[in-house]
Each structure stands twice: as C-alpha cells, then as structure tokens.
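Chemist: Take this structure, written in structure tokens, and hold onto it; I'll ask about it next.
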Amino acid sequence: MQNAAFQESDSEYYTRDKAWMLPLIKQGPNVVFDLGCASGRVGQKLVATGRAKELVGAEIFPPAAEEAARIYDKVYVGDVEGMTFDYDDYFDYVICGDILEHLKDPYQMVRKISKMLKPGGSLLVCVPNIRNFRVLKDLLQHGEWHYVSSGILDSTHLRFFTRRSCRRMLEEAGLHVYHEHMVVYGTKKTLLNRITFGLFKEFLATQVFCCGKKA
C-alpha cells in the first residue's frame, strides 16, 4: 500500500539505503531482487560495493520507481501482490526492506519469494517491531495506539511483527533462519542497549531484521 504522506521521490521515505544490510550480502556477481526498492538507494550501494551484477526492483510509487530504473536492470511498477514473477530458482538474494508490513498477505509473498531464490539463496527481511516500548506504553497507559504518517505505526501498515513472528514467517516458507538482528536507533537507546547487554533490545528496537536461506 502506498503511503500518501510521501509523494516526493527524494523524501527520506524513499531514499533510505539500509547500509546495515550490506554485510549480509556477499561480494560477487549476485543477482538481486529488491522488493519495495523505492528510489534505488539500496541497489546503488550494492553496485558500488561489488555485491550485484543484476538488479531487479519493484516499487509502487512511480516517480521513485523511475529514479530506481536508472540503476536497476528492470523495475516493476505497482502492487507486488498483484504481479506474477517468472523467476524460479533465479535470485541469489531477495530484499524485502520495509514492504511486507504493507501487504495484505505477507506470508504468501514470502512463499513466492522462496520459489524465486536459487538453492542456497537468501531472503533479507526488515519489518517494524511492534514490541517497541513506545507502542506498549501507549497500550498500557491509554489502551490504544495512534497511527501516524511514518514509523512503526505508519497508517499504511496492515501487518505487525515481533522478532519471533518474523522468524516464524520465514520458517513456514521453508527457509532456514541464520541471522536475526534487532535494529536500535538513537544514541541513548543504543547506549542503554549496550549497558544492559541487550537484555531489553526487543523493546528498544524499532525494526526487526531477519535473514533466511533456501535449502
């Protein structure tokens, strides 16, 4: 689902490069599918660091997709849930950076992605963490949460995940989860996470990052 609050292709919403994903993508002539590629900043990083020889993207916002097409070999424009992709056993990596939470059935999409991966290929998933302390605080104090234009409670989010539910989604699609990371933003929260030895990371993290490999 497209977020009406971000109608400029140079908005931060479409220009995040998610640099912390890069170490999980090996250098080499990889074939990569970037679902929700936005304006192509992730693909730009992959090419610049020698991690991709072929890039395919999909993006619902046409101006951002047009910008990504300058970098990617092919960009599909529109709602990915209504598209058919003929890429069986084709990709070394599929990236779902902040897209699955916008879909009606992300579980079905992950199953489709599993078929598109080569044997040994990997799916990299990043989703908002609904277990974040700010969300829980509103529920405990006020008995509700308020949707906003961006963030965990983005008004276009249809699905919500924790670390465990994200992991289960990949495992149910037949993928072996080999990496999990709770993404903590902000100096104070990062420091608190360190001095508590990660004990509260699932409450401090804004996003869940999870990687699954096709057997």
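The values are calculated or read from the model by the stated rules, or taken from the named source; none is laboratory data. Just so it is clear, the structure is predicted and the values come from calculations on it, not from any experiment. As a convention, Cβ positions derive from the backbone with ideal geometry for all residues, glycine included, and neighbour counts pool all protein chains shown. Quick note on the areas: whole protein, heavy atoms, side chains included, nothing else; ligands and nucleic acids left out. Shrake-Rupley method; radii C 1.70, N 1.55, O 1.52, S 1.80 Å.
Chemist: Quick check: at a probe of 1.4 Å, how many percent of the accessible area of the chain sits on carbon and sulfur atoms?
Modeler: Details: 5600 of 10770 Å².
Heavy-atom surface of the chain belonging to carbon and sulfur, 1.4 Å probe: 52 percent.
Chemist: What is the set of long-range amide H partners of residue 207 at a cut-off below 5 Å, with H atoms built 1.01 Å from backbone N?
Modeler: Here 129, 183 satisfy the definition.
Chemist: Give the aspartates and glutamates whose C-alpha is closer than 15 Å to that of residue 53, dropping any in the same chain fewer than 8 places away, or say none.
Modeler: Within the straight-line limit of under 15 Å, residue 53 reaches these aspartates and glutamates: 34, 73, 92.
Chemist: Amide H neighbours of residue 91 under 5 Å, at least 5 residues apart or on other chains, H built in the peptide plane: list them.
Modeler: Here the answer is 117, 118, since their amide H atoms fall under 5 Å of that of residue 91.
Chemist: Another question, if that's okay. Only helical DSSP H runs with n ≥ 4 go in: add -39500 (n - 2.57) per run for the chain, normalise by residue count and round the 222 nm mean residue ellipticity to 500 deg cm²/dmol.
Modeler: Values: 8 runs with 63 residues, N = 215.
When only DSSP H runs of four or more count, the value is -8000 deg cm²/dmol.
Chemist: Kindly work out what percent of the DSSP beta bridges joining two residues of the chain are antiparallel, to the nearest 5. Display every interim value, and only then the final one.
Modeler: Working: 15 of 36 bridges.
Antiparallel bridges: around 40 percent, rounded to the nearest 5.
Chemist: Taking the Cα centre of the range 96-215 as origin, work out the dipole magnitude from +1 charges on Lys and Arg Cβ and -1 charges on Asp and Glu Cβ, in debye rounded to 20. Present the calculation step by step, with values, prior to reporting the outcome.
Modeler: Details: 19 positive and 10 negative charges, 82 e Å.
My answer is approximately 400 debye.
Chemist: Using alpha-carbon pairs under 8 Å, 6+ residues apart, how would you state the relative contact order of the chain in percent? Could you put the intermediate results ahead of the total?
Modeler: Numbers: 422 pairs, mean separation 39.1, N = 215.
So the answer I get is 18 percent.
Chemist: Which ³J(HN,Hα) values, rounded to whole Hz and listed in residue order, are derived for the range 128-143 from phi using the Karplus coefficients 6.51, -1.76 and 1.60 in 6.51 cos²θ - 1.76 cosθ + 1.60 with θ = phi - 60°, glycine and proline given as x?
Modeler: Result, ordered by residue: x, 9, 6, 7, 4, 4, 5, 5, 5, 4, 5, 5, 6, 7, 10, x Hz.
Chemist: Okay, moving on. Classify the range 140-215 from the C-alpha gyration tensor, please: rounded if a/c falls under 1.5, else prolate or oblate depending on whether a/b exceeds b/c.
Modeler: Working: a/c = 2.28, a/b = 1.22, b/c = 1.87.
Oblate shape, in that a/c is at least 1.5 and b/c is the bigger or equal ratio.
Chemist: Filter the cross-link list 115/189; 26/112; 18/189 down to pairs whose alpha-carbon distance in this structure exceeds 29 Å.
Modeler: Details: 115/189 38 Å; 26/112 23 Å; 18/189 19 Å.
In this structure, 115/189 lie more than 29 Å apart at Cα.
Chemist: Given a 1.4 angstrom probe, what's the average accessible area per residue across the chain, in square angstrom?
Modeler: Values: 10770 Å² over 215 residues.
The answer is 50 Å² per residue.
Chemist: Here's something else I'd like to know. For the range 133-215, give the share of DSSP beta bridges that are antiparallel, in percent and rounded to the nearest 5; count only bridges with both residues there. Write down the numbers at each step before the final one.
Modeler: Details: 8 of 9 bridges.
Of the beta bridges lying entirely in the range 133-215, close to 90 percent run antiparallel.
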